[in-house]
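Below you'll find the structure, written out as C-alpha cells, and then a few comments.
Taken together, the values in this text are just the output of simple stated rules run on the coordinates, not laboratory data. This structure is a prediction, so every number in the text was calculated from the model and none was measured. Note: ideal-geometry Cβ built from the backbone for every residue, glycine included; neighbour counts use all protein chains shown.
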Amino acid sequence: MESIEPTTIITQQKPFRMIQHEFQEQVDKFIELNNKEMQRIYMVQKGLAPQVTLLLYNNETKQFGVFPTVLPGGLLGSEQDKDMLAYKVLPELIAKANDSGFQVICLSWSTEAWIREAPIAPTATITPDDIPKNWKDLPKSEAIMISYETPLKSLLFTWKIMRKKDGIQLEPHGYPQEMKSLGGRFQGILNKQPGLN
C-alpha cells in the first residue's frame, strides 16, 4: 500500500474529535487504497481471509501508518469468538497503540460474507406474501464486505462475487452505506480512545 503523507501539522493538545475532519483527506485515501487492495487480494487468492486494518497517526512524528492484521478463518468460528475480537482484543490493541503515541483514526474490517436481499416494501409485482417472514429464507449471494469506522461515522462497502464462465468478477453492490442504522460490533470502538469524551 502506498504511503499516506500528512497534509497538516496537528498538535497533540487538540481534542481528537475536533481534528478528525483535518484527517478526512487521509481517511478518504486510505479507504480508496484499502478497497483496491482487498479486491486485488481476493482476485489473486480466490478468497479473502478476515482482516482488520488500522490507519494510525503518530502524535509525535506527525506521520501516518497502516497496520494490517489478517485473522485465520478458524479463529472466528463462533459468535463468541467474534465478540472476543470486537470487545476485548481490538480495544486492547487500540489502547496499546494509544500508549505508544498513536491515535487510530480509522479501523477497517474486511471479509467475505453472505448478503441477503429483499424489497423494502411491496411493489406492483411483489406482494407481501412474496417476502419471506424469516430473513434466513431470503436468497443469498456471496460478497466481499468492507466496513470503516472513524470517530465520526461508519461506512459499509459491498461487492457481489459473480462467478462467470470467463472467471470471477467483483461488482459493486449499491452505494457505500452509512451504518447508523445497521449496527455492528465495531461501531463506536474508536470513541473509547483517550481524549475523545
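Tabulated results
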| read-out | value |
| --- | --- |
| Ranked Y87, Y42, Y57, criterion: other C-beta atoms within 10 Å, fewest first | Y87, Y42, Y57 |
| Distance between modelled label sites at D129 and E79, nm, 7 Å Cα→Cβ extension | 3.3 nm |
| Net charge of neighbours whose Cβ lies under 12 Å from the Cβ of I146, counting Lys and Arg as +1 and Asp and Glu as -1 | -3 |
| Cβ-based exposure ranking for V70, V104, in which fewest neighbours within 10 Å come first | V70, V104 |
| For the stretch 150-158, 3J(HN,Hα) per residue [Karplus equation, 6.51 cos²θ - 1.76 cosθ + 1.60, θ = phi - 60°, Hz, x = Gly/Pro] | 10, x, 9, 7, 10, 10, 10, 10, 9 |
